[in-house]
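One structure below.
Taken together, the values in this text are just the output of simple stated rules run on the coordinates, not laboratory data. Computed from a predicted model, the values in this text were never measured in an experiment. Methodologically, a virtual Cβ is constructed for each residue, glycine included, from the backbone with ideal geometry; neighbour enumeration extends over all protein chains shown.
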């Protein structure tokens, strides 16, 4: 498993794929239960970060990984982006595409209050969507 390995990459190298890492992170994030609807985005960040800490998964918050690109949570090249409510699909796809196209990004996990279908792969990088549900927590 590649998770959290220090990688010395030259500008032309891309990081390894991240199937196992994405699966582990998704597994951890699915344990989060949001009991109250209408939380502020930072409160959702706090809940997700707490789950990552409990699972001993190192991460960065509000991590700037490229010009104009800031991940809500960053885990060894995996971007976790949180969106309240249901964002416009075109705008979300544009953001995911921009993020996935950046050097050093291995995958993108989008956490939404309401699900939006997005392709499983964008710019050659895996994309997962987790939907928040006030009654049931995070579900695929």
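How do 45, 103, 117 line up, fewest other C-beta atoms within 10 Å first?
117, 103, 45
Compute the length gained on full extension between residue 116 and residue 102: take 0.36 nm times their separation in residues and subtract their Cα-Cα distance, giving the result in nm to one decimal.
Values: separation 14, 0.36 × 14 = 5.04 nm, distance 2.25 nm.
Length difference between fully extended and current span is 2.8 nm.
Computed from the mean reciprocal separation of all distinct C-alpha pairs, what Kirkwood hydrodynamic radius does segment 24-66 have, in Å?
11.3
Between residue 46 and residue 69, what is 0.36 nm times their sequence separation minus the Cα-Cα distance? Round to one decimal in nm. Please list the in-between numbers first.
On the way: separation 23, 0.36 × 23 = 8.28 nm, distance 2.01 nm.
Result for the pair: 6.3 nm of gain on full extension.
Return 42, 74 ranked ascending by Cβ neighbour count within 10 Å, so the fewest neighbours appear first.
With the fewest neighbours first, 42, 74 line up as 42, 74.
Please list, short to long, the whole-number percent of alpha-carbon pairs of segment 19-139 in consecutive 5 angstrom bins beginning at zero.
Going out from 0 Å in 5 Å bins, segment 19-139 shows 2, 12, 25, 26, 22, 11, 3, 0 percent.
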